[in-house]
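Data first, discussion second: the structure below is written as structure tokens.
The values are calculated or read from the model by the stated rules, or taken from the named source; none is laboratory data. On a predicted model such as this, the values are computed, not experimentally measured, just so you know. Glycine gets a Cβ as well: all are built from the backbone with ideal geometry, and neighbour counts include every protein chain shown.
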Amino acid sequence: MNLAARLFSLGLMVAIWYVAAEFAGSRVLPGPQSVGLALLAEAQSGALAFNLGATLVRVMVSFVIAMALGTALGLWMGRSTVVDRLADPWLVALLNLPALVIIVLAYVWAGLTETAAIAAVALNKLPNATVTVREGARALDRQLDEMAQVYRMGSWTRLRHVLIPQLEPYLAAATRSGLSLVWKIVLIVELLGRPNGVGFEIGVAFQLFDVTRILAYAIAFVLVMLAVETFLVQPIERHASRWRPRAA
Amino acid sequence: MPLAGGPGQLDVSIQEKAYRTASGGRHVVLRDLAFRLPAGSVGALVGPSGCGKTTLLRIITGIDADYAGKVVLPDHGTLGMVFQEPRLLPWRTVEQNVRLGAPLASDAELDALFMVLGLGNHRNHFPGELSLGLARRVALARAFAVKPDLLVLDEPFVSLDAALAASLQAELAALVSSRRATTLLVTHNIDEAIGLADRLFLLSASPAHVVADVPIARPRGGHAPEEVAKIRGEISRALATVGN
């Protein structure tokens, strides 16, 4: 039932696209069949896999860096009032700095390098993760902390079995919003200063007004992220919340 | 009470413990509170609600280090504690909770503990699936599994119905006797204290200090009602002499 509804909704979207393409003409909005053929051609030449891979690696690396640093900083700020007061203005500044400014400055200061690209993306995501995890750190249960202290649990045990599970809902929220944010910013970073990746390909297609290719790459990458969500993020979440009583 | 300090005994002497109140004043919770608990015996701290029993336990277990005085834990100071609330990790199973508290416990030791406490069928359950009585048993299992040099119990039977409290108390008495753990029990229930302890330490109202040290003949022997009445009489006399 659930799957049928999803398939119907997707089919409806393709049908509307098909009809709209008939009216708009192939240059402005190519139909599903020509986009599908373009996708197939890119896949056969190997360019699709190469560019998707390049983008995906950038997404994963910058996401992991941003989450790790953001979690550490958020925990620190949530636990210590002094650190919170000192770091909060920086955080607000970073939160409100436009992504484009960070990217351009990173390229200007560090050159058109992979390091600059990944650092710029991570820096864009970092404040979101920090803010979310800070809320989680403020809500930590002192009683469990005392229990861990009395039973002399080591720092690894405390981290893995006491701290992280309490932060899990906050980490899940940061992951959800983070993945979609990060991949969008990665595309901009690639457009502005990388010689490969989905963003670079879309940039090239834009210069040629090749809407078919733009759509082909956009759809391919959305499908990849959908797969990441379905086969990676959701199973991890299910595992992490297995102890919660099921909603009736 | 042995005068020489043995390595297995708990030695508590607190000059003062005070809190800063919201209005900026000082509220003294404990003053000149001292007692000694010999190795392998069970001491019950009995006192009125709000007299600072939980504060005292937080000092003894090292959670609160902000006080004037000295606490010497028995032997290596390995602690097993049962808090008023079970304080289990909700995202770990019963067995994982016990193993995380007591990583050195062997499978055979855990099997035995789970059997004695009737937890055999619940090893793979999560705490959210347990009743309060069962969760308390898990907390007890965890405390015993560490083979503590000092076992601390903070009102372990509070908010259980009378029958359940009685059966858990009997299990606890059997465990304490068989393992000879030096145990400190906090309660405001005198009958509970008489049923479990070798000696009672009676606490005054706040600022709390020990007003009497009442030894129990035949501890955990299943006292007849007249014996309990006699001990209760001793307690009232002890309290009367200090004008409390």
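Before moving on, here are some points about what is shown:
- Taken over segment B:74-100, residues that are within 18 Å of A:E146 (Cα to Cα), in contact with a strand residue (DSSP E or B) (Cβ under 8 Å, 6 or more places away or on another chain) and surrounded by 16 or more Cβ atoms within 10 Å (Cβ to Cβ) amount to 7.
- Residue in segment B:193-244 that is nearest to the chain's Cα centre (by Cα), counting only those that are more than 30 Å from B:A174 (Cβ to Cβ) and among the polar types (S, T, N, Q): B:S204
- Boolean, A:R176 is more than 14 Å from chain B (Cβ to nearest Cβ) and either in a helix (DSSP H, G or I) or not small (G, A, S) (or both): yes
- Filtered residues of segment A:105-118 (kept if without any contact (Cβ under 8 Å) to a residue 40 or more places away in the chain and in a helix (DSSP H, G or I)): A:L105, A:A106, A:V108, A:W109, A:A110, A:T115
- Counting the residues of segment A:146-168 that are at the interface with chain B (Cβ under 9 Å from one of its Cβ atoms) and either under 32 Å from the mean Cα position of the chain (by Cα) or not in a helix (DSSP H, G or I) (or both) gives 10.
- In segment B:60-73 there is no residue matching the filter, namely being of a type outside the set (K, R), at pLDDT below 85 and over 22 Å from B:P219 (Cβ atoms).
- Screening B:F35 on (1) of a type in the set (F, W, Y); (2) within 11 Å of another protein chain (Cβ to nearest Cβ); (3) under 18 Å from the mean Cα position of the chain (by Cα) shows it passes everything except condition (2).
- Residue, farthest from the other protein chains (Cβ to nearest Cβ), within segment A:200-248, restricted to residues that are part of a helix (DSSP H, G or I) and polar (S, T, N, Q): A:Q207
- Out of B:L140, B:L100, B:L104, sole residue that is within 13 Å of chain A (Cβ to nearest Cβ) and assigned to a helix (DSSP H, G or I): B:L100
- Restricting segment B:107-137 to residues that are over 24 Å from A:H239 (Cβ atoms), of a type in the set (A, V, I, L, M) and in contact (Cβ under 8 Å) with a residue 12 or more places away in the chain, the residue that is farthest from the other protein chains (Cβ to nearest Cβ) is B:V116.
- Count of segment B:38-72 residues which are assigned to a loop (DSSP other than H, G, I, E, B), under 26 Å from A:R152 (Cβ atoms) and away from chain A (no Cβ under 14 Å): 7
- Matching residues, segment A:168-216, being touching a Leu at 6+ places or on another chain (Cβ under 8 Å) and farther than 19 Å from A:L100 by Cβ: A:V211, A:A216
- Any hit, segment B:213-225, residues being crowded, with 18+ Cβ neighbours inside 10 Å, assigned to a helix (DSSP H, G or I) and of a type in the set (V, I, T): no
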